[in-house]
Amino acid sequence: MSFNPTSSRKHYHLFDDENIDHMYFDISPAGEIDANKYSLYNFTGDPKLEYAEWDSRMDMMGSWFSDMKKSNRFLYERESIDGSKVVSNVIDPETKTVKEMLNFASNDYLNLTQDKRIQAKVIEAIEQYGGGAGGAPLLSGTMSIIRELQEQISSMKAMEASIVYTSGYAANIGTISGLLGHKDIAIYDMFSHASLIDGSKGSNKKFFAHNDPASLEKVLKNVQNKYINKLVVLDGVYSMDGDICNLPEILDVAHYYGAWVLVDEAHATGVIGKNGKGTIDYFGLEGKIDIITGTLSKSVGAVGGFVSASQKLINYLKYSSRSYMFSTSPYLPAVAAALEGLKLIANNQAGQDKLWNNIQYVKARLLSAGFNIGNAETAIFPIIIGDDNKVKEMTYRLHQKGIFVNPVPYPAVPRKLTRVRMTITAGFSEDQLDNALNKIEETAKELSII
Ligand SMILES: Cc1ncc(COP(=O)(O)O)c(C=O)c1O
């Protein structure tokens, strides 16, 4: 059956009638889906969607979007007219006017996207190299500035060699899929980033409980003689929770069972460890990790991704990692920005101390106000609410008050842990933080969250 706007329920056009009951959506008398009853998952993530034709999926999602937009609760993709700044000028989707907002939605933790020293290097690079690299490295060759960036990354991560990709996503997906064969398995912390999980699409994978070495041990015991190679995959700092991975204990377990370990340093680079070197330095475990991946788009303030490992592993990836082999090298002005950003971080000239003052200030105030922030320890703070509609409403009211934070609904996190996510950057003054925190507290009280 196809889309029928006059009925009181809408459903997907299905190939398999047996599943039809599960696919109905309640609609309002005006023929719209009630947005509050559904989340993005219902339209893009639910496995039952396999039975729906593309047209039907798109119609249903469109109806959900239009209901959210009508009530002005559609706050995805807010548009800034001047970049990712501490005070960002954002076009208000409701009034279509430009609104000054305190930006707690950026991962530009050290505000390097706006750094004049980096901008000067970008202009120099455009003059020397132009824009694009002209092709993938294996056939079109690489550039001196890319080699320099790779060496800078290897030095920061204390690894033999590195290669860069166009994004952190491409680095993760390309590294894991480049290593895993049919007789290998990836074993993930269940809070691992999507780009890591996507690397084993169609391959063997299992999950262990977040940050729990005993749970990892159980999985490793079960798979012990079933696979040739085992890769344990972790985030150094978890992107939705801001907690640090339990690396020492997890590493012990992984090594005991002969598994290799990959750590994604996307949110740790520039934030933790001496001079922002990351999680491995933070725990004093240099030389013990097999593979480090990361992004150049967060603290580093540019765009691109990397993998660092032994020289032989990097040589292997150059010819097995398809998002490296079959993709043009990163945009060269971005390479120049990343290189300068990493140098500033390495020399402790990128404001890491200021970032940590701000993190500690925000953490103390959120805790004393009575918020549940889980085990947040870094620049990412989840304000855990556990009610999708309150999360949406809090985000909207804060948007109206000029505070840019994001909702993280189910299924990005479990239903009882849905949250507002805020990220802290170095450039906030104490007055700006107070202003935001007062509004966050006031709004949470209005909604009986605290
Ligand atoms: C943990 C983690 N890994 C990888 C990525 C992907 O990085 P990029 O945005 O450079 O693709 C992200 C961010 O989006 C992330 O949070």
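The values are calculated or read from the model by the stated rules, or taken from the named source; none is laboratory data. Given the structure is predicted, the values throughout are model-derived calculations rather than measurements. Note that we place each Cβ from the backbone using ideal geometry, even for glycine, and neighbour counts take in every protein chain shown.
Scanning the stretch 368-389 for residues that are under 13 Å from Leu447 (Cβ atoms) and either assigned to a strand (DSSP E or B) or of a type in the set (A, V, I, L, M) (or both) yields a count of 2.
In the set (1) over 23 Å from the mean Cα position of the chain (by Cα); (2) assigned by TED's automatic domain parsing to the domain that holds Asn222; (3) hydroxyl-bearing (Ser, Thr, Tyr), the condition left unmet by Tyr361 is number (2). Count of the stretch 51-95 residues, restricted to those that are modelled with pLDDT under 80 and touching an Asp or Glu at 6+ places or on another chain (Cβ under 7 Å), is 2. So, Val237, is that one assigned by TED's automatic domain parsing to the domain that holds Lys218 and farther than 20 Å from Tyr165 by Cα or not? Yes: the conditions hold for Val237. For the criterion of being among the acidic types (Asp, Glu), in contact (Cβ under 8 Å) with a residue 24 or more places away in the chain and not in a helix (DSSP H, G or I), Glu441 fails. Within the bounds of the stretch 156-167, is there any residue that is under 27 Å from Leu355 (Cα atoms) and in contact with a Cys (Cβ under 8 Å, 6 or more places away or on another chain)? Taking every residue of the stretch 156-167 in turn, none turns out to be under 27 Å from Leu355 (Cα atoms) and in contact with a Cys (Cβ under 8 Å, 6 or more places away or on another chain).
Please indicate, with yes or no, whether at least one residue in the stretch 203-215 is crowded, with 20+ Cβ neighbours inside 10 Å, under 27 Å from Tyr410 (Cα atoms), hydroxyl-bearing (Ser, Thr, Tyr) and at pLDDT 95 or above. No, the stretch 203-215 contains no residue that is crowded, with 20+ Cβ neighbours inside 10 Å, under 27 Å from Tyr410 (Cα atoms), hydroxyl-bearing (Ser, Thr, Tyr) and at pLDDT 95 or above.
As a summary of the residue check, Val223 satisfies the conditions (1) β-branched (Val, Ile, Thr); (2) within 16 Å of the ligand (Cβ to nearest atom); (3) over 20 Å from Leu313 (Cα atoms) except for the one numbered (2).
In the stretch 156-205, how many are polar (S, T, N, Q) and over 22 Å from Leu251 (Cα atoms)?
So the first thing to find is which residues in the stretch 156-205 are polar (S, T, N, Q), and the list is 162, 166-167, 172, 175, 177, 192, 195, 200, 203-204.
So of that shortlist, the ones also over 22 Å from Leu251 (Cα atoms) come out as 166-167, 203.
Looking only at that region, the number is 3.
Among the residues of the stretch 70-81, count how many are in a loop (DSSP other than H, G, I, E, B) and loosely packed, with under 15 Cβ neighbours inside 10 Å.
Count: 5.
Residues of the stretch 82-99 that are part of a loop (DSSP other than H, G, I, E, B) and either of a type in the set (D, E, K, R) or outside the structural domain of Pro409 (by TED's automatic domain parsing) (or both): Asp82, Lys85, Asp92, Glu94, Lys96. Considered as a group, the residues in the stretch 105-118 that are touching a residue at least 12 places away in the same chain (Cβ under 8 Å) and either more than 16 Å from the ligand (Cβ to nearest atom) or surrounded by fewer than 17 Cβ atoms within 10 Å (Cβ to Cβ) (or both) include one that is nearest to Gln432 (Cα to Cα), and that residue is Asn111.
Residues checked against (1) farther than 23 Å from Gln400 by Cα; (2) of a type in the set (A, V, I, L, M); (3) under 26 Å from the mean Cα position of the chain (by Cα):
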position: Asp34; (1), (2), (3): no, no, no
position: Tyr51; (1), (2), (3): yes, no, no
position: Ser56; (1), (2), (3): yes, no, no
position: Met61; (1), (2), (3): yes, yes, yes
position: Trp64; (1), (2), (3): no, no, yes
position: Ser71; (1), (2), (3): no, no, no
position: Phe74; (1), (2), (3): no, no, yes
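Just one of the listed residues (Val233, Val237) is under 23 Å from the mean Cα position of the chain (by Cα) and under 15 Å from Ile272 (Cβ atoms), namely Val237.
Does Tyr238 satisfy being away from the ligand (no atom under 16 Å from the Cβ) and among the aromatic types (Phe, Trp, Tyr)?
Details: away from the ligand (no atom under 16 Å from the Cβ): no; among the aromatic types (Phe, Trp, Tyr): yes.
The answer is no for Tyr238.
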